[in-house]
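The values are calculated or read from the model by the stated rules, or taken from the named source; none is laboratory data. Model, not experiment: these values are computed from the prediction. In this analysis, Cβ positions are derived from the backbone assuming ideal geometry, glycine residues included, and neighbour counts consider all displayed protein chains. To get the accessible areas, we keep the full protein, side chains included, count just its heavy atoms, and leave off ligands, DNA and RNA. Shrake-Rupley method; radii C 1.70, N 1.55, O 1.52, S 1.80 Å.
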Amino acid sequence: MYSAGDVRVEDREDPTIIDPTDAVIRLTATCICGSDLWPYRGIEPADHQVMGHEYVGVVEQVGDEVTTIKPGDFVVGSFVISDNTCEICRAGFQSKCVHAEFVAQIGTQAEKARIPYADGTLVATPGQPDEDLVPALLAASDVLGTGWFAADAAQAGPGKTVAVVGDGAVGLMAILAAKHLGAERIIAMSRHPQRQKLARHYGATDIVTERGDEGVARIKELTGGLGAHSVVEAVGTQESFMQAVGATRGGGHLGYVGVNYDVTIPGIQLFFAGIHTLGGPAPVRRYLPELIRMIWDRTIDPGLVFDLTLPLERAAEGYRAMDERRATKVLLTL
C-alpha cells in the first residue's frame with residue numbers, strides 16, 4: 001500500500017530462513033481483512049507497506065529448531081506470531097506473547113512468507129485439504145478465531161441471549177461461534193440484506209436494524225428491559241462501542257474485538273454499566289487446533305463469509321469492493 005487508496009501488486013525478494021525457529025511457506029490462499037481498510041481509508045498511516053495477515057499454505061522450509069511442522073505440511077497460521085510457550089501464551093493469550101509480532105508487518109497478501117516462531121504460530125492440518133475446505137481454513141487464521149474469541153469473551157453459552165454489534169466477517173463469525181457454544185438467542189445488528197441472510201444461516205434468531213441509542217433501546221425491548229447477557233462488539237467506532245456497552249445487561253459480558261481508533265469511553269458510564277469486559281487482539285492460536293478439527297470434520301463452514309474471489313493480481317479491486325461494502329470479505333487466490 002503506497003498510500004491511502006493506492007494498492008499495488010509488486011515483486012519482492014523471496015523470503016528465506018533467518019532464525020532457526022522460522023518456516024517459509026508457499027501460500028495457497030490469502031484475503032483482505034476489514035482492518036486493512038483502516039490504512040486504505042487513511043485512518044492509519046500507509047507508506048509503501050506490505051499488506052496482509054491471514055494465510056494458509058504449504059511449508060517449503062523450516063529452521064533447525066522447528067519440530068511440529070515439516071516441509072509439505074499444509075498449515076494454518078495465526079495473525080499474531082507467538083512462541084506458545086511463555087507464561088502469557090500458556091495462560092491462553094498468545095496475541096500478547098512476549099515475542100508477539102503482527103503478521104501484518106510480514107505481509108501475507110503474497111505468494112510466500114517467512115513465519116517466525118513457526119512451532120508456536122502455525123498448526124498443521126491432518127492432511128492435504130480438499131479444495132473446498134481452503135476458504136474455511138483461511139477464515140480460521142483471523143476472522144473465525146477472532147469471532148470465536150469475542151463470543152467466548154462475552155461468555156456466550158446455553159441459556160444466554162447474545163447480541164452482535166457489527167455484520168462484517170468477524171461479527172458473522174461471532175454469530176457462528178455463539179450458536180456452536182449453545183446460545184439460546186442470537187441478535188444480529190445489521191442493515192445489509194445479504195449479511196442478514198448469512199447471519200441467519202449461521203444462527204441469528206433476530207435482526208435489529210437500529211443503531212446507537214435506538215439500537216440499545218431495541219435490544220432492551222427484545223430482552224424484557226434487561227439487555228443481552230453477552231454482547232460482541234466487532235466494529236470499533238465510538239457509536240458501536242457505546243451501543244455494545246448499553247446493550248449489555250448489568251453483570252453481563254462484553255467481548256470487544258473491533259479494532260478501534262479515537263474511541264473514548266466515559267469512565268462514569270462504564271462504571272455504572274456494571275459489566276464484565278474482555279477483548280483486544282484475539283489469541284487465535286489458542287483456538288486453532290479445535291477450529292481446524294471442526295472445519296476438517298465439516299462441523300462448521302466459516303468459508304461462506306467470502307463472497308468475492310479474485311486473483312492476487314487484482315487485490316486493488318478487492319480493496320475497493322470491501323471499502324464500498326460491495327463485498328463482505330475478499331479471498332485472493334495464488
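So, in region 9-46, how many residues would count as being small (G, A, S), open to solvent by less than 10 Å² (accessible area, probe 1.4 Å) and in contact with a Pro (Cβ under 6 Å, 6 or more places away or on another chain)? Step through it out loud before you land on a result.
Applying the first criterion (small (G, A, S)) to region 9-46 yields 23, 29, 34-35, 42, 46.
Keeping just the survivors that are open to solvent by less than 10 Å² (accessible area, probe 1.4 Å) gives 23, 29.
When the remaining residues are screened for being in contact with a Pro (Cβ under 6 Å, 6 or more places away or on another chain), the result is none.
Total meeting the criteria: 0.
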Residue in region 194-213 that is in a loop (DSSP other than H, G, I, E, B), open to solvent by less than 50 Å² (accessible area, probe 1.4 Å) and free of Cβ contacts under 8 Å to residues at least 60 places away in the same chain present: yes
Counted residues, region 289-334 - those being assigned to a loop (DSSP other than H, G, I, E, B), without any contact (Cβ under 8 Å) to a residue 60 or more places away in the chain and more than 30 Å from D83 (Cα to Cα): 3
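For region 268-288, does any single residue satisfy the condition of being outside any strand (DSSP E or B), open to solvent by 70 Å² or more (accessible area, probe 1.4 Å), within 30 Å of D83 (Cβ to Cβ) and not β-branched (V, I, T)? Lay out the reasoning, then the answer.
At the first step, the residues of region 268-288 found to be outside any strand (DSSP E or B) are 268-275, 280-288.
Narrowing the set further to residues that are open to solvent by 70 Å² or more (accessible area, probe 1.4 Å) leaves 268-269, 271-272, 286.
After this cut, where a residue has to be within 30 Å of D83 (Cβ to Cβ) as well, the list is 286.
Right, trim to not β-branched (V, I, T) and you get 286.
Checking region 268-288: at least one residue is outside any strand (DSSP E or B), open to solvent by 70 Å² or more (accessible area, probe 1.4 Å), within 30 Å of D83 (Cβ to Cβ) and not β-branched (V, I, T).
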Qualifying residue in region 141-149 (condition: surrounded by fewer than 24 Cβ atoms within 10 Å (Cβ to Cβ) and assigned to a helix (DSSP H, G or I)): no
Where H53 falls short, out of the listed (1) open to solvent by 50 Å² or more (accessible area, probe 1.4 Å); (2) part of a loop (DSSP other than H, G, I, E, B): (1)
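Quick one: which of Q155, Q238 is of a type outside the set (G, A, S), surrounded by fewer than 24 Cβ atoms within 10 Å (Cβ to Cβ) and in contact with a Ser or Thr (Cβ under 6 Å, 6 or more places away or on another chain)?
Details: Q238 fails: in contact with a Ser or Thr (Cβ under 6 Å, 6 or more places away or on another chain).
Going through Q155, Q238 in turn, the sole match is Q155.
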Criterion violated by G258 - all others in (1) within 30 Å of G224 (Cα to Cα); (2) at pLDDT 95 or above; (3) touching a strand residue (DSSP E or B) at 6+ places or on another chain (Cβ under 6 Å) satisfied: (2)
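Identify, from the list D64, D132, the residue that is modelled with pLDDT of 95 or more, farther than 17 Å from L288 by Cα, of a type outside the set (A, V, I, L, M, F, W, C) and part of a helix (DSSP H, G or I). If you could, list the steps in order and put the result at the bottom.
On the way: D64 fails: part of a helix (DSSP H, G or I).
That would be D132, the only listed residue that is modelled with pLDDT of 95 or more, farther than 17 Å from L288 by Cα, of a type outside the set (A, V, I, L, M, F, W, C) and part of a helix (DSSP H, G or I).
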V245 under 26 Å from R41 (Cβ atoms), open to solvent by less than 50 Å² (accessible area, probe 1.4 Å) and among the β-branched types (V, I, T): yes
